[in-house]
Amino acid sequence: MDAPSESKSLKEIYQQLREIGCCKLCCLRYLGERSQHAFQNPDAALQMKFLTDGAEIPENPSKLKKSNVCTACMGLLQETVRDTFIEKIVTDVNAADYDCKEFSCALSMPVSFSLRTHSLNLYIDEVFPDDKDEPAELRFMSVKEVWKWIAAPLLAKGICKTFNPKDCDFSITISIGYEEDEKECNCLMDMHKEIYEMRKQQTRKFKDCVLSRKSVESLLISTDPSHFRKFYPTPPNIPNTPFVCSSVIPLHNSLFIAGRYNKYSRKLSQTPWLIDGKRLMETSVQELLCNPIVELAKAEDLRFASSGREDVDVRMLGKGRPFFCELINPHRVHLLPSEFRKIENTILSTTKDIAARHLQIVSKDQVSQIKTGEEEKIKLYCAYCIVSGEKACVDWEKLESLPSKCPIVLQQKTPIRVLHRRSLATRERTIFRLEVCKAETNEPKAFVLKMATQAGTYIKEFVHGDFGRTTPSLRDLLGTDVDILALDVMDIELDWPPEVNYNEETGVKVL
Amino acid sequence: MQSIVVDPIGLDVPIQEVYPSFSERYFQPKYSINVDSKAGEDHCVLVHSNRICVVTLARNHPVISLCKTISKVNFQVTDKTNRRENVVQGKRKHGAQTLNPMSVLCVVECEDGSKYTVRSCVYGKLIEINENLVENPQLLLEKPDSDGYIAIVLPNLSTNEKFKTNLLSKEEYVKELEKLTIIEKN
């Protein structure tokens, strides 16, 4: 190994790097090259530095085959490997068929790569030290950076998207595999025996990976170079096989679709109702609403959320309930208002049970608004009640005295019907307004109660009292047994998402 | 935009001579007969469709059938255990007093000096006892299958099936009562 020397010419450095098995691009990196153009035209760049004057550079044929796998980039920057990588990425991404306009990409390297890079950096620092004593890992461009410079324009062309490394919703993660990864890493077990022995015992914490890239990197920084050299050669051995592209995972950030829904059925739950994995109901609001949206956006999965929920036997009328649907990994993100209108109409024509309106794309920030102010928002209800008991009859006079008692503050213990999945507590809830009307049925014992209540009020329990666990209840207020036989949510006073102007949109269509 | 015509509320509710009560609509009554081998001291467990159990006295229980005047419902069941001190936390009802079918929930003390022990009848966690009975013990007689309940219990899942078989269904209970009256007559 050469002694450190400050007087080494660029040519000498180049020759030595070639000897240890670096490819041209990696030589350029270690010569301190920092321009994208140079890496895209390595021969010209090297010539500019007067490094490749034809066959003048002596290559040691006994040590190197004509084109060995680069010891630094493991072929990643070498044309043959590079081209197969790019071809695979382009094919895979195109097959996944995303309509977004921009992309970013990330390389996920095998652990042994950290080891190899560390070894090379130690070698460089020793053989070609920096004037300012800056360590090699900071002085030079990394393999990843240079790879992106070269690959990004080619990928952009191949997948017809613009490269945007910052602030892009679509990313392609490329996992790199290396046949001898485990073999090369085994030296770590000896290098840091105590640490790995310990980790092997902490099976829960380090379940299937005793060696994570991050932990290896931090461990290497704190390893004494002379100790390191005992277990791993510097410079590293020239690899027998190059990196392979083991997987290409394209992923688009979630797309949020919001709207309001109505539910007209008393036999439809909001979300799929499963008990022990068995379906209790054929479908649900969530499925009827989201399936066409998921289909349109070609998303992988979805998450449904709404501003509260109604019971299976409760209708959701009026302007409807605000909801959103998070589309996970959508392949279509450029959705048009006309496509949303089409979904709304399809839902109307296929089911009488629900309707969707105001469907639109919303931002992540807008989504968080649905959850804020959840406690304050007012809900309007309409309840069909009867006085029970054989000889009971509606005491209209007493009923009509109720509105003047508002606001009525209730103490509600968690209702028995939800006690199996909610914690027990007594909650204070307010009925802001009450209105009594005649029912449109032929039942003389029935009356209709319209209410404006605080969010979180359990209406059914307010009416029948839940065995005296909600006080005061309508039963307490009237002094007679009452029961609730039907309930509708009339409105949820939350202006979200923004209303769609249907007239304007249809106007545009006509034009 | 199409507008949808919605039926007025209540049109889909069938009109009935007598409507089932709230308890009848949501709970299935189960019975434990001659609790503690004491004749007539039958208990009723109202099982909600979500499996939560509400323990109460059966109409046949002497307190109700003999129209006793209750002086006190005593929840201090042993020197150490007071059912009123039961505190539960979280969805899983952590910290609840655990119950087996023979656990005493309370002792009903009547003005005539008679005392009746009320037992859990099920395995599970005590969610709450009926605090209203402290102020108004007469609720036990007046509304045994609603406001006069004694306790709410979250049954253990594993023993859930077992207890269901130990308790009698309404039909079985009625049959048992008939048998007993025949024996008495003889």
#### Entry: Violating pairs (Cα-Cα greater than 18 angstrom) within the set A:K298/A:K352; A:K398/A:K438; A:K405/B:K143; A:K101/A:K157; B:K38/B:K115; B:K30/B:K93
A:K298/A:K352; A:K405/B:K143; B:K30/B:K93
## Note on the structure
Fewest-first ordering of A:R417, A:R433 by Cβ atoms within 10 Å yields A:R433, A:R417
### Query
Under 16 Å Cα-Cα from A:K11, which lysines qualify once same-chain neighbours fewer than 8 residues away are excluded?
A:K24, A:K49
### Query
Distance from the Cα centre of the stretch A:63-103 to that of the stretch A:137-203, in angstrom?
13
### Task
May I ask you to sort A:I361, B:I4 by Cβ crowding, counting other Cβ atoms within 10 Å and putting the fewest first?
B:I4, A:I361
### Summary
For the stretch A:274-424, averaging the sequence separation of alpha carbon pairs under 8 Å that lie six or more residues apart and dividing by its residue count, the contact order in percent is 17
### Message
Straight-line reach from A:K214: which lysines fall under 25 Å, measuring Cα to Cα and dropping same-chain residues less than 8 apart?
### Response
A:K144, A:K148, A:K166, A:K183, A:K193, A:K200, A:K205, A:K230
### Task
Take the Cα of B:E135, step 7 Å along the line toward its Cβ, and report every residue of the stretch A:469-499 whose backbone nitrogen sits under 13 Å from that point.
A:469-473
### Message
Quick check on the exposure proxy: order A:R82, B:R51 from fewest to most C-beta atoms within 10 angstrom.
### Response
B:R51, A:R82
### Message
Please compute, for peptide B:12-25, the average count of beta-carbon atoms on other protein chains lying within 10 Å of each residue's beta-carbon.
### Response
5
#### Entry: the protein assembly as shown: equivalent-ellipsoid semi-axes (sqrt of 5 x gyration tensor eigenvalues, Cα, Å)
74, 36, 20
## Note on the structure
Per the rule of 0.36 nm per residue minus the C-alpha distance, extending A:T350 to A:K157 adds in nm 65.2 nm
### Message
Using Cα-Cα distances under 8 Å and only pairs 6 or more residues apart, what relative contact order does chain B have, in percent?
### Response
21
### Among A:171-182, A:387-398, A:188-199, A:68-79, the order from most to least packed when residues are scored by Cβ within 10 Å on average
A:68-79, A:171-182, A:188-199, A:387-398
### Query
At A:K267 and B:R25, where each label point lies 7 Å from the Cα along Cα→Cβ, what is the point-to-point distance in nanometres?
1.8
### Query
Quick one: if the Förster radius is 45 Å, what FRET efficiency do A:R309 and A:D133 give, using the C-beta to C-beta distance and rounding to 0.05?
0.10
### Message
Give me, ordered by chain and number, the residues 5 or more places off A:S108 or on other chains with an amide H under 5 Å from its own placed amide H.
### Response
A:I174, A:S175, A:I176
### Message
Ratio of alpha-carbon Rg to the 2.2 N^0.38 Å globular estimate for the stretch B:1-87, to two decimals, please.
### Response
1.74
### Message
Need one value for A:337-348: mean number of C-beta atoms belonging to other chains within 10 Å of its residues' C-beta atoms.
### Response
1
### Query
Straight-line reach from A:K278: which lysines have Cα under 24 Å away, leaving out those fewer than 8 places along the same chain?
A:K263, A:K267, B:K91, B:K162, B:K164
## Note on the structure
Here FRET efficiency (C-beta to C-beta, A:T372 to A:N291, R₀ 41 Å, nearest 0.05) is 0.90
### Message
Residue by residue through A:411-424, how many Cβ atoms from other chains fall within 10 Å of the Cβ on average?
### Response
5
### Query
Looking at the square roots a ≥ b ≥ c of the eigenvalues of the Cα gyration tensor of the stretch B:88-178, which shape do they give, rounded for a/c under 1.5, prolate if a/b is larger than b/c, or oblate?
oblate
### Message
I want to verify a result. In a Gaussian network model of chain B, Cα cutoff 10 Å, which of these has the top mean-square fluctuation: B:V174, B:V63, B:V13?
### Response
B:V13
### Message
Starting from 0.36 nm per residue, how many nanometres of slack lie between A:N94 and A:K166 once their C-alpha separation is accounted for?
### Response
23.8 nm
### Message
For the pair A:S9/A:S108, report the inter-label distance in nm, with labels modelled 7 Å from Cα in the Cβ direction.
### Response
4.7
### Message
How high is the relative contact order of the stretch A:210-357? Use alpha-carbon pairs under 8 Å, at least six apart in sequence, and give a whole percent.
### Response
30
### Task
Take the alpha carbon gyration tensor of the stretch A:330-469, find the square roots of its eigenvalues, order them as a ≥ b ≥ c, and report rounded if a/c is under 1.5; if not, report prolate when a/b exceeds b/c, else oblate.
prolate
### Task
Would you mind computing, in nm to one decimal, how far apart the modelled labels at A:M189 and B:V107 are, each placed 7 Å from Cα along Cα→Cβ?
6.9
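None of the figures in this text is laboratory data; all of them are computed from the coordinates on show. Computed from a predicted model, the values in this text were never measured in an experiment. With ideal geometry, Cβ positions are generated from the backbone for all residues, glycine too; neighbour counts draw on all protein chains shown.
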